[in-house]
Each structure stands twice: as C-alpha cells, then as structure tokens.
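Take a look at the structure set out below.
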Amino acid sequence: MEPKRRFIRVKCNYKTSVGIGNVVIIQANILNISLNGVLFELKQGCLFKKGEKWQIKFKLPKSDIVGQFESEVVHSSGNRAGLKFLHVDDDAMQHLRHLLESETDNSRQVADETQEHQVKSYLSS
C-alpha cells in the first residue's frame, strides 16, 4: 500500500473572515494552509460538518488577495475545521504557491504539488 501523501503546510495564526458569496459568515484564524486545504479555528461555534461542500472565500495570509475556494469539510471538532480544496481560483493558487515556497525549504515539492493540482483541476473541469 502506497503511503498517504502529505502536502507541505505553512503554520500561521492569521485572522481572516470566511464568507459565502458576499456575506461574511464567521471570523476565524488560519492555523495552517497548504495547496490542498486549510485548518481554521473559528471564533464562534463550528458550522462546518464533515462531508459538506462549501463555496468559501477568505483573505490569504501575507496578501491582499481574497481567494475563492470550492471545498469539502474533512474534519470538524469543537471550534476547528479542516477543509480540503476541490477547486482554487488562479490568483489564489499562485499566491499559495509563492507563500509555501517562501515559508519552506522544499520548493521542488511545492512545484510538484502545484503541477498535481493543475492536473486535477483540468481533469475535473
């Protein structure tokens, strides 16, 4: 059995707002982020339930870019929720790639993960 792939994550404590459409629904901290997903610590109770799919947007760390993300809740406990990105808009993906490259020492793996995401996005469209 092949080992489960782990994406490079950047640990942070970044305040943001999570929204759906033009409506801010909850204040949150981003605890870590990768090309594959994000871990939120929510200021209020967790409204995300495992398996749900959400169209979310939030301001990315160290940027003015508000990313649009089609996502799926992979775990939710207490006031934390982990979401897997199913589709990421191009500007957000570019910023995430640069963020990961600048915060880690493994730019080759970031490049491989970016390419993998591009193939998945192409195949799912």
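Where a number appears in this text, it was derived from the coordinates with a stated rule and is not lab data. Please read all numbers here as calculations on a predicted model, not as lab measurements. With ideal geometry, Cβ positions are generated from the backbone for all residues, glycine too; neighbour counts draw on all protein chains shown.
Less than 5 angstrom separates the built amide H of residue 37 from those of 85, all sequence-distant by 5 or more or on a different chain.
Computed from phi, the 3J(HN,Hα) profile of region 27-36 under the Karplus parametrisation 6.51, -1.76, 1.60 (θ = phi - 60°) reads 8, 8, 10, 8, 8, 7, 8, 9, 5, 9 Hz, with x in place of Gly and Pro.
Converting phi to 3J(HN,Hα) with the Karplus coefficients 6.51, -1.76 and 1.60 and the offset θ = phi - 60°, region 79-86 yields 9, 10, 9, x, 10, 9, 7, 8 Hz in sequence order, with x at every glycine or proline.
Our coupling estimate for region 62-78, obtained by passing each phi through the Karplus curve with A = 6.51, B = -1.76, C = 1.60 and θ = phi - 60°, is 6, 7, 9, 6, 9, x, 9, 9, 8, 9, 10, 6, 9, 7, 8, 8, x Hz, Gly and Pro reported as x. The alpha-carbon positions of region 32-79 define a convex hull whose volume is 88 Å³ per residue.
Would you please give the FRET efficiency between residue 12 and residue 75, computed as 1/(1 + (r/R0)^6) with r the Cβ-Cβ distance and R0 = 25 Å, to the nearest 0.05? Calculated value: 0.85. Annotation: for a label point projected 7 angstrom from Cα along Cα→Cβ of residue 87, residues of region 44-81 with backbone N closer than 15 Å are 53-57, 68-72.
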